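Following: one structure in structure tokens, then a few remarks.
Nothing in this text is a laboratory measurement; each read-out follows from the coordinates by a stated rule. All figures in this text were calculated on a predicted structure; none of them were measured in a lab. When we count neighbours, we look across all protein chains shown, and the Cβ atoms used for this are built from the backbone with ideal geometry, even at glycine.
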Amino acid sequence: MATTDFATQPVPQVLAHEVHKERQKARWIDWVTTTDHKKIGILYIVFTFGFFLVGGIEALLIRLQLATPNNNFLTPEHYNELFTLHGTTMIFLFVVPIMAGFANYFLPLMLGARDMAFPRLNALSFWLLAFGGIVFYASLLWQPPEAGWFSYTPLSNEMFTPSGGQDAWIFLIHITGISSLVGAVNFYATIVNMRAPGMGWGRLPLFAWTILIYALLLILALPVIAGAVTMLLTDRHFGTHFFDPTEGGSPILWQHLFWFFGHPEVYIMILPGFGIISEILPVFARKPIFGYKAIAASTAVIAFLAALVWAHHMFAVPVPTVVLGFFMLSSFLIAVPTGVKIFNWIATLWRGSIVTASPLYFAVGFISIFVIGGITGIFLAVFPVDWQLTDTYFVVAHFHYVLMGGAVFTIFAGLYYWYPKMTGRLCNETLAKVSFWWMFVGFNMTFLVQHAAGLSGMPRRIYQYPGDAGWTLYNQISTVGSFVLGVGILISLVNFIRSYKNGAIAGPDPWKGNTLEWFTTSPPPVNNFDEVPRVRSVEPMKDIRRQVERQSGIEHETATTPHANA
Amino acid sequence: MGRIRAALRPETASIRRRAVAALLLATIGSLVFASGAFADFLTPESGGSPNADQIDSLYKIVLYIAIVVFIVVEGALFYSIWRFRAKKGAVAAQIHGNTRLEISWTVGAALILVALAAVTFSKLSSIQDPPNSGKDGLQLADGVLTASTDMPKPPNGKSLTICVTGRQYIWRYTYGAECQRNAFGLVYSYEEMVVPANTTVVLDIQATDVIHSWWIPKLGGKFDAVPGYRNYTWFKAPKAGETYRGQCAELCGRNHADMTARVRVVTPQAYEAWVDQQRSDIADADREVQQLREQLTRDGDLN
């Protein structure tokens, strides 16, 4: 590095520069054929956000149907199709792949790499996802699936669900599964092999840690679901009887296989979100992350335990008490590393100098929501209590607190945090905060009362309820809340679209970030960095800024003082 | 401890004192409120059977702990957001962590969960194991043979067995322990189950097509009816004259929402009368069907 360059530059000198070359291809061909991790990342994020909106509309239709007792707005058939589509879309076409989108864009940048380990495999994994999603939604033109997102057998067998929609669902699981598997191998290879000089495991950004664990969990869990849906496919069409009790098969086998995948899937969805939060909090608290090692280690512990808790989804099926006890205790255990993360995040804010920008709003909103989801998880882990709560709206409320809180709020935090890097422009902060409050209030309005509906006996997945059951008020509050939530999301969508053209120019490092993606221009050039700096801590950008200050003699406003180092 | 306090010390002691006081007050206040008038929207349904009541009280223990954890964690979160907001001249403390603190909150969280597990296991038998029927319950014969060793039995072995069979989209109840081997000739009913008060009723839950889930909220938890498997639960309803409602709790197809169930509790005498009436009604209906069949066969409409 030419040290004299820094003398006139109070902010870090950006070493990467745009590689100019004549555009040979039409713009759309460029997007379709790209192997650039950043473009693939954008494709992932835009495509999956589209599915988020579709899944959201499905949710609003469900809420409209439940707004009044004995409503006939939807037929039972359409109602079942809608909740199946909603669940499947949000999980397989939104949360899991948008995390892959963030990882695609930011992992190489954070690691100081020029691309992913296998750029063409990377393009393959996006296009598999795209085709999987499109074919799945093509079933709308015929008959969508209607056996729920976990498609319990025998209901999903051909005898009870003859429509091709169920096969479209199987196809989706297969194709998005291969997509995620290919992506996971790619992330793993990238993290293991392509870190900047000096970036040992103890200096790996926490987001990269969570993506590493996310990749391992995907590699562990996806083959199991791939096997299970293949068995379901052969049961449906080729005369096997894996899940058919009349021919010696077992419906409970499906549940074991599904949830052996399904519970790690929950952590696949939220661990990258934890990573995003672990990046955002120290930046906006102007303080190092509290307990880096504890947070990284708890991620690994969560992943290990995630493979041991699957049967807590099955407390009401005939299983021996010793099994119930084991899965209660393992589910309790997983609360410990999760709690450790939350305590460390709060300790990161403690005695900080907190800059209340939009990413921080969503990050803190996430923690406050996720705490509730975690606590209600303990209720459900106590299996005798679960006998009352399972398959009711209490569970619906619980997993929306976990997944809306743990995934959607972190995704919005990540979108607001990284939008300037991806587009080169800042979002409108006022709109962002207005959107946050609509989302936060709407979310809690929608789902808090659902706990009460479940406790007073309302099962999930019923398309109608009688007026005398005492559930009407809860459902009305919930429906109004869902539209408030929808407005909040729309405000953010408008913000993202408007800021793309009109936002203030962000510059390379608008937030005073800690990690290497802020070292390059916004948006970064094709090759990311001309020169990758040597990494000397978990916050390389702080080191670079400090070096700039030392060499230039210009004190930066956010200069860190060597103070109270405990 | 000194290091912990140094690491997390707010600027002045008075703020800390006030915060602790506010936190304590909020905790105590909500506990008093909670135990005083526990509105039903905060707890599961109960009141129809001892196992439902025990689940309810176990739930309340979890709820008390949860409220404290909730207030402490959310309190710490919002306090730190409010207290450590960026101000002019404020400098963030450059703390990287504290091993003792990490160990203490890990152990603390684990201890709470150990306590919860202990409470759960201590309450388990009152939820899983049926008691004897009351003195004024239905008088039952001794030692009825059961089809399975998993089946819960009251200490004296006397219980009324009812087989519950789920199918799209109706519940069928077959009365008497013989239902587990051969339901032929036994009294049965659909949708509404009639049971004698203060009598231990053991349910043998099965399904013939897809998975259903048996659930009457006031009579205890859910038990899935899985084709090819048997699942068991029990209840003991104390009062005659009550009717408890519930419905299938596992998605079983398009009319899942309409698969309702009722349990009507009557006196043992009324129960025996009902069984006799039902038996003769079923016999009458069978006879009428038989006559109709003969009639149709004679007329050549049925062959």
Completion exercise
With DSSP loop assignment and no more than 12 other C-beta atoms within 10 Å, the trypsin sites (Lys or Arg not before Pro) in the stretch A:233-311 are none
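Could you state the per residue volume, in Å³, of the convex hull enclosing the Cα atoms of the protein assembly as shown?
175
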Problem - Positive dipole terminus of the protein assembly as shown, leading residue within A:336, A:175, B:268 (C-beta point charges) - result: A:336
Exercise for the section: With 31 Å as the limit, write out which pairs from A:39/B:87; B:60/B:87; B:135/B:222 have Cα-Cα distances beyond it, or answer none. Expected result: A:39/B:87; B:60/B:87
Exercise for the section: Mind putting a number on the dipole of chain B about its Cα centre? Charges go on the C-beta only, +1 for Lys and Arg and -1 for Asp and Glu, and I need it in Debye to the nearest 20. Expected result: 2600
Problem - Inter-part distance where the stretch B:222-257 and the stretch B:76-130 are each reduced to a Cα centre, Å - result: 38
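Give me the inter-chain shielding for A:327-335: mean count of other chain Cβ atoms within 10 Å, whole number please.
3
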Problem - Antiparallel content of DSSP bridges confined to the protein assembly as shown, in %, to 5 - result: 65
Handout entry: Tilt relative to chain A, helix A:119-138 - C-alpha long axis, 0 to 90 degrees, to 10
Key = 30
Fill in the blank from the handout: Put in order of increasing Cβ neighbours within 10 Å, starting from the fewest, B:212, A:400, A:451, A:237 give A:237, A:400, A:451, B:212
Completion exercise
Within chain B, the cysteines whose Cβ lies no closer than 4.7 Å to any other cysteine Cβ are B:248, B:252
Fill in the blank from the handout: Nearest 10, in degrees from 0 to 90: the angle of helix A:410-423 to the longest Cα principal axis of chain A is 40
Practice task
Report, as an integer, the average count of C-beta atoms from other chains found within 10 Å of each Cβ along A:143-152.
Solution key: 2
Completion exercise
Summing -39500 (n - 2.57) over every DSSP H run of at least 4 in chain B, dividing by its residue total and rounding to the nearest 500, the 222 nm mean residue ellipticity is -15000 deg cm²/dmol
Practice task
Give the angle, between 0 and 90 degrees and rounded to the nearest 10, that separates the Cα long axis of helix A:76-88 from the longest principal axis of the Cα atoms of chain A.
Solution key: 30
Exercise for the section: Once you've got the GNM for chain B with C-alpha springs shorter than 10 Å, pick whichever of B:116, B:42, B:292 has the biggest mean-square fluctuation. Expected result: B:292
Practice task
Go ahead and estimate [θ] at 222 nm for chain A from helices alone: -39,500 (n - 2.57) per DSSP H run with n ≥ 4, summed, over the residue count, rounded to 500.
Solution key: -21500 deg cm²/dmol
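Could you size up the charge dipole of the protein assembly as shown around its Cα centre, putting +1 on the beta carbon of Lys and Arg and -1 on that of Asp and Glu, and report it in debye to the nearest 20?
Computed charge dipole of the protein assembly as shown: roughly 4020 debye.
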Exercise for the section: Using a/c under 1.5 as the rounded threshold, could you call the stretch B:160-303 rounded, prolate or oblate? The axes a ≥ b ≥ c are square roots of the C-alpha gyration tensor eigenvalues, and prolate needs a/b larger than b/c, oblate otherwise. Expected result: oblate
Fill in the blank from the handout: The long-range amide H neighbours of residue A:425, using H built 1.01 Å from N in the peptide plane and a cut-off of under 5 Å, are A:506
Completion exercise
If one builds a Gaussian network model of chain B from Cα atoms under 10 Å apart, the most fluctuating residue listed among B:98, B:182, B:156 is B:98
